[in-house]
Amino acid sequence: MQFKAMKFSWLGVIPGLALLAATTTTAQAEPEVHGFVEAGYGAQVDPPEGSDFTLQELRTQLQFADYSDKGEFFASIDVLHDQVLPGNEVSLGVREAWLKFLAFDDRLEVKAGRQALNWGTGDLLFANDLFGKDWNSFFIGRKDPYLKVPTDAFRVNLRRLPVGVDLVYIPRFTADILPDPMRLPMEFPVPPGMIFAGVEEPRGEFGDGEVALRLYRRLGAGTASLYAYKGYTSTPEAARVDSSGTLMTAYHPELRAYGASMRGSLAGGVYWAEGVYRDIPDNRDGADPMLPVERADLIVGYERSFGEAASWELQYYGAFELEDRPGLEATDRHLVTLRLEKRWLDETLHLSLFAFHSPDDEDGHVRPYLAYDYTDEIQLTVGANLFYGDPGTLFGDLDEGDNLYARMRYSF
């Protein structure tokens, strides 16, 4: 068994400073300590030779919180024993550690440190939310909050003005975590005759950070927002080939994005609509076939309750390339999702089904799970990740990665 500590960027010093500040300036409230211990097991339905578990881990999370009328401190630390990784590793990771200050009668909120960032309106679909995602956790059965990659960031929010302002600065680019080939049968596509040299990320210099802005305002029974983003694509969507023509390196091209969203009530339910224009500065004319092109993304959704403790939800997502590339015509991708939820036994038994389906590529992903709150502290969950489609499609490349999982969590 090996012990592996999590690496921090320079902003990682904030957790220690935050803890000091919290213990010296928030004496008006008693610090709170919570957490959970969770065992998770999962395996492929039809594993290839030499492969077995997709999830075999014991996770302990400790959560610390302290607050006063001037601010708040929160930290969560994960100790993870992951038996799927080589060496039977134990890792220590700071999932969140932030300090929040309030000023000017709570009109100004400043939040600094490691935090989970999210905005936009989609349910497991993302247009203006361009912050990092952990697709590995998402596809092997970890709880949905682990889809968000922890980010070291400064966030400033201005409220109770004619227009609310939400500004995020991330000093070091945070990429998506892609499916792990040790757990799921997915590899980076490489043309025949070429060797894959890995993924190159931005170097972490000051100019390689990310900046995101959201302006929002209530309009009647809904909320409208405008978005802007300057950074990089969260997945390595571009590639370069060395002078010999045999070595290919993937990388994250620069991205500029501008979007809008609206969410509100309609006909006894809730609707949302969101759109974004994604600009690739290095390939605005589509001349480089190894780079993505300008694209427009759209999300439209509606949710409504029915019966007793039950609900349904439908969403549409469209991605529309706006330029051709040499030898490649612009393509569109359409995706629809369905969520069904039902609770029984005083809402202690929860059945959920979430399904993705692309009518043009004929691929999809189905995510059923059943959760039972045995007591207030103990929750039992069983579920599955099922994929279908042809090779070369988003979910078709994971077709052999169907997996079942179970988790037991004790919260304290």
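Arranged by the count of other C-beta atoms within 10 angstrom, fewest first, what order do Met248, Met290 take?
Ranking Met248, Met290 by Cβ neighbours within 10 Å, fewest first, gives Met290, Met248.
What is the P(r) of region 322-412, as percent of Cα-Cα pairs per 10 Å bin from 0?
15, 32, 26, 16, 7, 3, 0
Picking from Ala197, Val37, Leu219, whose Cα lies most toward the positive end of the charge dipole for the chain (charges on Cβ: Lys, Arg +1; Asp, Glu -1)?
Leu219
Name all residues of region 124-158 having a backbone nitrogen under 19 Å from the label point set 7 Å from the Cα of Ala384 along its Cα→Cβ direction, giving them as ranges.
Flagged as within label range: 138-143.
Residue separation times 0.36 nm, minus the C-alpha to C-alpha distance between Asp105 and Lys230: what's the value? Could the numbers behind the result be given before it?
Numbers: separation 125, 0.36 × 125 = 45.00 nm, distance 3.08 nm.
Between Asp105 and Lys230, full extension yields an extra 41.9 nm.
If r is the Cβ-Cβ distance from Asp52 to Arg256 and R0 is 60 Å, what FRET efficiency results, to the nearest 0.05? Walk me through the numbers on the way to the answer.
Details: r = 44 Å, r/R0 = 0.73.
Calculated transfer efficiency: 0.85.
Considering Cα pairs under 8 angstrom that are at least six residues apart, work out the relative contact order of region 99-411 and quote it in whole percent.
Numbers: 784 pairs, mean separation 35.2, N = 313.
Dividing the mean separation by the residue count of region 99-411 yields 11 percent.
Arranged by the count of other C-beta atoms within 10 angstrom, fewest first, what order do Thr246, Thr393 take? Intermediate values should be presented prior to the final figure.
Values: Thr246 11, Thr393 19.
Lowest to highest Cβ neighbour count: Thr246, Thr393.
Could you calculate the contour length gain from Leu158 to Leu349, that is, 0.36 nm times the residue separation minus the distance between their Cα atoms, to one decimal place in nm? The partial results should precede the final answer.
Numbers: separation 191, 0.36 × 191 = 68.76 nm, distance 3.96 nm.
Extra length from Leu158 to Leu349 when fully extended: 64.8 nm.
If I stretch the segment between Ala39 and Leu340 completely, what's the gain in nm (0.36 nm per residue apart, minus their alpha carbon distance), one decimal?
Working: separation 301, 0.36 × 301 = 108.36 nm, distance 2.63 nm.
Length gained, Ala39 through Leu340: 105.7 nm.
Please list, by residue number, every one of the trypsin sites (Lys or Arg not before Pro) in region 107-144 that is coil in DSSP and has at most 14 other beta-carbon atoms within 10 Å.
Details: sites: Arg107, Lys111, Arg114, Lys133, Arg142, Lys143; in loops: Arg107, Arg142, Lys143.
The qualifying sites are Arg107.
How high is the FRET efficiency from Asp144 to Tyr372, r the C-beta distance, R0 22 Å, rounded to 0.05? If you can, show how the numbers build up before the last one.
Working: r = 17 Å, r/R0 = 0.78.
Efficiency, from the Cβ-Cβ distance: 0.80.
In what order do Trp272, Trp119 fall by count of nearby beta-carbon atoms within 10 Å, going from fewest to most? Write down the numbers at each step before the final one.
Values: Trp272 22, Trp119 17.
Ascending number of Cβ neighbours within 10 Å: Trp119, Trp272.
Sticking to Cα atoms, compute the Rg of region 196-326 to one decimal and its Dmax as the biggest Cα-Cα distance, whole number, in Å.
19.4, 65
Report the label-to-label distance for Val199 and Arg304 in nanometres (one decimal), using points 7 Å from each Cα along the Cα→Cβ vector.
Modelled inter-label distance: 4.0 nm.
With +1 on the Cβ of every Lys and Arg and -1 on the Cβ of every Asp and Glu, and nothing else charged, how large is the dipole of region 116-192 about its Cα centre, in debye rounded to the nearest 20?
Values: 9 positive and 9 negative charges, 67 e Å.
Rounded to the nearest 20 debye, it is 320 debye.
Name the shape class, rounded, prolate or oblate, that the alpha-carbon gyration tensor gives for region 61-133, where a ≥ b ≥ c are the square roots of its eigenvalues, rounded holds for a/c under 1.5, and otherwise prolate holds if a/b is larger than b/c and oblate otherwise. Numbers along the way, then the final one.
Values: a/c = 3.70, a/b = 1.44, b/c = 2.58.
Note, shape of region 61-133 comes out oblate.
What whole number of Å gives the distance from the Cα centroid of region 324-401 to the Cα centroid of region 157-225?
One Cα centre to the other: 22 Å.
Given the options Phe64, Phe196, Phe139, which has the most mean-square fluctuation in a GNM of the chain, springs set between C-alpha atoms less than 10 angstrom apart?
The residue with the greatest mean-square fluctuation here is Phe196.
What residue among Gly40, Gly231, Gly268 shows peak mean-square fluctuation when the chain is described by a Gaussian network model with Cα springs under 10 Å?
Gly268
Restricting to DSSP loop positions (anything but H, G, I, E, B) with no more than 15 other Cβ atoms inside 10 Å of their own Cβ, which trypsin sites (Lys or Arg not before Pro) remain in region 162-234? Don't skip to the end; give the middle numbers.
Working: sites: Arg172, Arg183, Arg203, Arg214, Arg217, Arg218, Lys230; in loops: Arg172, Arg183, Arg203.
Those that pass, being in a loop and sparsely packed, are Arg203.
Grab the eigenvalues of the alpha-carbon gyration tensor for region 99-411, scale each by 5, take roots, and send me the semi-axes largest first in whole angstrom. Intermediate results must be reported in sequence, preceding the final value.
Numbers: eigenvalues 204, 149, 85 Å².
The three semi-axes for region 99-411 are 32, 27, 21 Å.
Would you work out the charge dipole size for the chain about its Cα centre, treating the Cβ of every Lys and Arg as +1 and the Cβ of every Asp and Glu as -1, and quote it to the nearest 20 debye?
On the way: 38 positive and 64 negative charges, 322 e Å.
In total the dipole reaches around 1540 debye.
Here, each number is a calculation from the coordinates, and none is a lab measurement. All values reported here derive from a predicted model rather than from experimental measurement. With ideal geometry, Cβ positions are generated from the backbone for all residues, glycine too; neighbour counts draw on all protein chains shown.
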